[in-house]
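S.K.: The structure's right below; bear with me while I get my questions together.
The values are calculated or read from the model by the stated rules, or taken from the named source; none is laboratory data. In this text the structure is predicted, and so the values were computed from the model without any measurement. A quick note on method: Cβ atoms are made from the backbone with ideal geometry, for glycine too, and the neighbour counts reach across all protein chains shown. Accessible surface is based on the protein model in full, side chains and every heavy atom, while ligands, DNA and RNA are left aside. Shrake-Rupley method; radii C 1.70, N 1.55, O 1.52, S 1.80 Å.
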Amino acid sequence: MRSGRRFSLPIDPWPQASLAERTAVGMVLTFLLLIPACAAGVALCVIAVVATYISWSYDLGASLRGVIVRHAAIPGRHGRGVRKV
């Protein structure tokens, strides 16, 4: 059931462009938007990995320091263990 009217946008930037040409332009614009989105995703992954490494290394350093402090008890004057920090 065709009415005979052509579908067109209110302001048609390419009045002579075919559907394939319009689709190609739309795909290019979509891919140009995907590049910054992918870059933002990669940046978030890198930030998460660095934050995890910092947290892990801090926990490891704190636990190693605790082990060293517990095993480095030096006898004091009255026979008590003096902890060296």
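S.K.: Skip the ligands, DNA and RNA, and give the accessible area per residue of the range 33-72 with a 1.4 Å probe, whole Å².
M.R.: For the range 33-72, the per-residue accessible area is 84 Å².
S.K.: Please find the FRET efficiency linking Ile11 to Ala43, where r is the Cβ-Cβ separation and R0 is fixed at 30 Å, and quote it to the nearest 0.05.
M.R.: 0.25
S.K.: For Thr30 and Val50, FRET efficiency with R0 = 22 Å and r from the beta-carbon atoms, rounded to 0.05?
M.R.: The formula returns an efficiency of 0.10 here.
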